Amino acid sequence: PLKRAYKTALAAVDGKGLEVVADPDFTEIHGGFIEGMTFKKIFSDHAELERIWQGEPQNFAPAGGEPMRKVYDRAKRAIHKVAEDPENEGKTVLIASHGAVTKCLMCYLVLGDVERLVEIPWANNTAVAYMEYENGKFTVKYYNDDSHIPQDFSTDLESLWESEE
């Protein structure tokens, strides 16, 4: 439902006659009191949050916001809802989401334990993951593929920490 992911989904289906459905379970983590702040500002003012974000992201829970563990649970619920929907059987489904949701989703699908969230790298913007679902089981074929982005267009993650977007 958030603008950036919704516009990404619209661009992906452009001209294909496909419907884009907004699902709140794929919405980015709510940051509470840090919402709208840059990572640079957050981490310079709140060193403990940076320590948790970097070292034990499963415990990230800013005051007034959503705990990362809840993001993990809803991402897990959401991917099962999509995969097990009879209308999606035999179809390819595109999901456009956000960093924390993607990290949680890949952690669930690859490692199966939120306690191992730190082991999953953050995905680059517009990076693609491909998975298959068959007989109740997910298989991740690849993750964080951004080869579709021309080299001179790619954004290094460090610069995003300093931007407002």
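The values are calculated or read from the model by the stated rules, or taken from the named source; none is laboratory data. Because the structure is predicted, anything quoted here is derived from the model rather than measured. In this analysis, Cβ positions are derived from the backbone assuming ideal geometry, glycine residues included, and neighbour counts consider all displayed protein chains. Please note that ligands, DNA and RNA were not included when accessible areas were found on the heavy atoms of the full protein model with its side chains. Shrake-Rupley method; radii C 1.70, N 1.55, O 1.52, S 1.80 Å.
The modelled label-to-label distance for the pair residue 2/residue 88, using points 7 Å beyond Cα in the direction of Cβ, is 2.0 nm. Taking Rg/Rh (Cα atoms, Kirkwood Rh) as calculated from this structure, the corresponding entry among [x] 1.01; [y] 0.96; [z] 1.56 is [y]. The phi torsions of region 68-82, fed into the Karplus equation with coefficients 6.51, -1.76 and 1.60 and a -60° offset, translate into couplings of 4, 4, 6, 4, 4, 5, 6, 5, 4, 4, 5, 5, 5, 4, 5 Hz, rounded to whole numbers, with Gly and Pro shown as x. Shown are 39, 33, 26, whose ranking by accessible area with a 1.4 Å probe and every protein chain present, most to least, is 33, 39, 26. Taking every protein chain into account, the accessible area of the chain amounts to 63 square angstrom per residue (probe 1.4 Å).
Coupling constants for region 133-143 follow from the phi torsions by the Karplus curve (6.51 cos²θ - 1.76 cosθ + 1.60, θ = phi - 60°), and in residue order they are 10, 8, 6, x, 10, 8, 10, 7, 8, 7, 8 Hz; glycine and proline get x. The Cα center of region 100-155 and the Cα center of region 1-80 differ in position by 14 Å.
Scanning residues 5 or more positions from residue 144 or on other chains, those with amide H under 5 Å from its amide H are 128, 129, with H placed 1.01 Å from N in the peptide plane.
Annotation for region 45-111: trypsin sites (Lys or Arg not before Pro) lying in DSSP loop with at most 15 further Cβ atoms inside 10 Å of their Cβ are 91. Helix content alone sets the calculated 222 nm mean residue ellipticity of the chain: runs of n ≥ 4 DSSP H residues at -39500 (n - 2.57) each, divided across all residues, give -10000 deg cm²/dmol.
Between 27, 92, 38, the Gaussian network model of the chain with springs among Cα atoms under 10 angstrom shows the greatest mean-square fluctuation at 92. The GluC sites (Glu not before Pro) of region 23-131 that DSSP puts in a loop, and whose beta carbon has at most 14 other beta carbons within 10 Å, are 35, 89.
Evaluating 6.51 cos²θ - 1.76 cosθ + 1.60 at θ = phi - 60° for every residue in region 60-65, the Karplus couplings come out as 5, 7, x, 3, x, x Hz, glycine and proline recorded as x. Comparing 68, 38, 20 along the charge dipole axis of region 1-78, the residue lying farthest to the positive side is 20, per the Cβ-charge model.
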